[in-house]
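The values are calculated or read from the model by the stated rules, or taken from the named source; none is laboratory data. Note that the structure is predicted; figures quoted are calculated from it, not measured. Glycine also receives a Cβ, built like all others from the backbone with ideal geometry; neighbour counts cover every protein chain displayed.
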Amino acid sequence: MDSGGYFNYLPATFIYGGDYQFQYIDKHRFPSNFLSKRDSKVYNKYSIGVAILLSPFYVTAHCFNVLNGNFPPDGFSQPYQHAVLLGALFYAVLGLYFLRNVLICYFSDGITALTLIIIAFGSNLLYYSTYEGGMSHVYSFFLFSFAIYLADSYWKTERKLIFLLLSAIIGLIALVRIPNLVFMIIPLLWNVRSKEDFKIRFQSINKQKATVLLGFLIFSALVFLQLYAYRVQVGSWFTSPYQGEGFFWDQPMMGRVLFSYRKGWLVYTPLMFISILGICWMIKKRSQFTIPIIAFFLINLYVVSCWWNWWYGGGFGMRALVESMAVMSFPIALFLESILSHKMVSYIFTGILPLLICYNFITMHQYKHGIIHYDSMSKASYWAIFGTLHPAADATMLIRNNNLSIPNFDSAKEGKAERRKIR
């Protein structure tokens with residue numbers, strides 16, 4: 001559903017002459033559940049950022065189809081699908097590249113490499129870089145990583161060009177997923193340790209009003225593209241794309257986002273426990289990363305957990321936190337640096353790490369083959385299929401099915417049933 005919404009701006013723009021009512025969908029028997037209606041007008045409720053980032057790959061696939069002639073240049077044939085998957089993998093690798101370039105400024109080669117291995121192979125970033133490359137999360141991960149690299153470079157040099165590029169990247173972050181603008185905390189407070197540092201930071205920004213204004217105009221120009229997309233589709237510059245869906249700011253589901261068997265971040269990505277421990281270590285050391293990362297982690301977790309659909313529909317693990325791992329790489333690296341200095345602890349961790357990475361591959365395998373249910377897992381169903389590989393025994397799947405905790409979407413939209421205890 002989500003990936004179809006992100007993707008279909010591409011054929012609408014490059015193949016079907018700006019058909020933003022998406023009338024070509026039925027012809028290709030493509031699921032239309034990404035479409036909504038307002039005043040009898042059909043519109044795509046998903047944002048345009050992913051399509052912008054994928055457009056070079058998509059156009060290349062279209063040119064290949066036109067010149068090759070073996071596949072129809074209809075916007076949906078196999079080369080277009082391969083282009084999307086290649087684009088997702090490209091942005092995942094590029095995100096890791098920029099993350100490495102900033103981590104290496106503060107940590108050793110070994111700690112940096114181990115941190116990147118944990119993020120790349122021990123989390124659901126791998127799944128959304130491969131099996132579901134049309135979802136938004138890998139693109140947000142790339143943008144977060146690039147923005148951290150730019151923020152680190154800017155506050156070391158205060159070069160105007162870097163600030164303007166950072167403004168553009170934040171604009172793209174908004175175009176991919178609006179709630180991710182919480183990330184702005186990171187570049188604003190990067191390397192701020194105290195009130196005195198904050199005053200100096202504010203004075204520095206105040207001295208460069210012209211550059212800040214130009215950066216804001218760049219950011220606004222990019223956001224304008226989304227507003228223009230609404231204008232073309234529904235005739236209004238401003239619209240609420242997720243009609244009937246919203247946030248319950250007084251009912252954050254932080255505990256479930258982190259620990260539930262349905263989608264809990266630390267259940268399906270247990271290596272991220274390291275990042276939580278790393279935050280505790282950051283506080284103890286009074287690291288230069290402490291203020292921005294703790295502020296981001298808490299506010300982002302709050303925003304993510306207040307969405308009516310706190311489990312974020314179908315998906316592998318807590319997908320709404322995939323991109324935040326770019327930020328959480330710093331507490332991971334700090335924690336690794338602290339424990340690997342102790343010989344015995346380093347031996348224990350070295351033994352455990354491959355097991356947890358293996359766990360990530362097994363759960364990916366289970367999800368891909370339908371052993372892990374896409375949105376209804378419970379404690380009983382999780383342990384019934386724990387470690388089970390495809391094909392799962394009928395008896396095992398029967399136990400899983402009998403213990404599923406199926407969401408009540410209508411009640412959840414009103415903040416009712418899904419706010420109560422779930423299995």
Checklist (1) within 25 Å of the chain's Cα centre (by Cα); (2) farther than 14 Å from Gly133 by Cα applied to Ser40, failing item: (1)
Which of the following residues is touching a His at 6+ places or on another chain (Cβ under 7 Å) and at pLDDT 95 or above: Tyr149, Tyr128, Tyr139? Tyr128
Residue by residue through the range 35-62, note down the ones that are more than 17 Å from Gly17 (Cβ to Cβ), exposed (fewer than 15 other Cβ atoms within 10 Å of the Cβ) and not polar (S, T, N, Q). Lys37, Asp39, Lys41, Pro56
From Thr239, Thr269, Thr211, residue being of a type in the set (Ser, Thr, Tyr) and in contact with a strand residue (DSSP E or B) (Cβ under 9 Å, 6 or more places away or on another chain): Thr239
So in the range 223-248, with the set limited to residues that are free of Cβ contacts under 8 Å to residues at least 60 places away in the same chain and not in a loop (DSSP other than H, G, I, E, B), which one is nearest to Ala174 (Cα to Cα)? Val223
For the range 323-352, name all the residues that are out of contact with any Phe, Trp or Tyr (no Cβ under 6 Å at 6 or more places or on another chain) and assigned to a loop (DSSP other than H, G, I, E, B). Ser324, Leu340, Ser341, His342
Apart from one, (1) over 29 Å from Ile352 (Cα atoms); (2) within 18 Å of the chain's Cα centre (by Cα); (3) crowded, with 20+ Cβ neighbours inside 10 Å all hold for Asp152; the odd one out is (2)
Any residue at all in the range 275-289 that is within 23 Å of Ser129 (Cβ to Cβ), in a helix (DSSP H, G or I) and hydroxyl-bearing (Ser, Thr, Tyr)? yes
Look through Leu213, Leu258 and report the one residue that is of a type in the set (A, V, I, L, M, F, W, C), surrounded by 15 or more Cβ atoms within 10 Å (Cβ to Cβ) and not assigned by TED's automatic domain parsing to the domain that holds Ser376. Leu258
Checked pairs for the range 284-300, first touching a residue at least 12 places away in the same chain (Cβ under 8 Å), second in a loop (DSSP other than H, G, I, E, B), C-beta under 6 Å and 6 or more apart or across chains, list as Gln288/Asn191; Gln288/Arg193; Ile291/Val192; Pro292/Trp190; Asn300/Ser324
Say whether the condition of being basic (Lys, Arg) and either closer than 20 Å to Leu99 by Cβ or not assigned by TED's automatic domain parsing to the domain that holds Asp152 (or both) is met by at least one residue in the range 286-295. no
Across the range 320-372, which residue is nearest to Gly278 (Cα to Cα) among those that are hydroxyl-bearing (Ser, Thr, Tyr) and surrounded by fewer than 23 Cβ atoms within 10 Å (Cβ to Cβ)? Ser338
